[in-house]
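Notes follow the structure.
The values are calculated or read from the model by the stated rules, or taken from the named source; none is laboratory data. This one's a predicted model, so the numbers in the text were calculated from it and none came from an experiment. These area figures cover heavy atoms from the full protein model, side chains too; ligands, DNA and RNA do not enter into them. Shrake-Rupley method; radii C 1.70, N 1.55, O 1.52, S 1.80 Å.
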Amino acid sequence: MAQTEEDLPLILDAAQVARLLGLSLDYTRKLTREGRLPASRLPGGRTYRYFRDDILAWLRAQRVAPHDVEHAERDG
């Protein structure tokens, strides 16, 4: 059974975000450290937490223009 947005918890950990986006955990953490993924951390905490809705909004904002796809296919 496929998971829907509503099936996900409101707050995700890095592993859940990695699965949701189809990325490796290491790459998810790298994007977070670089400030490219929206994340939160409690004061003094070492682990990041992600709001489900923020991650989905971030993903929606990553739309690729047809021009970008043509270049990627051509440049291979």
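Looking at region 41-51, which of the residues that are under 13 Å from the mean Cα position of the chain (by Cα) and open to solvent by less than 90 Å² (accessible area, probe 1.4 Å) is modelled with the lowest pLDDT? Walk me through it before giving the result.
Within region 41-51, the subset under 13 Å from the mean Cα position of the chain (by Cα) is 48-51.
From what is left, the residues that are open to solvent by less than 90 Å² (accessible area, probe 1.4 Å) are 48, 50.
Values: TYR48: 95, TYR50: 98.
Here the answer is TYR48.
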Would you list the helices (runs of 4 or more DSSP H) that sit entirely within region 8-69 and hold 2 or more residues that are among the acidic types (Asp, Glu)?
52-60
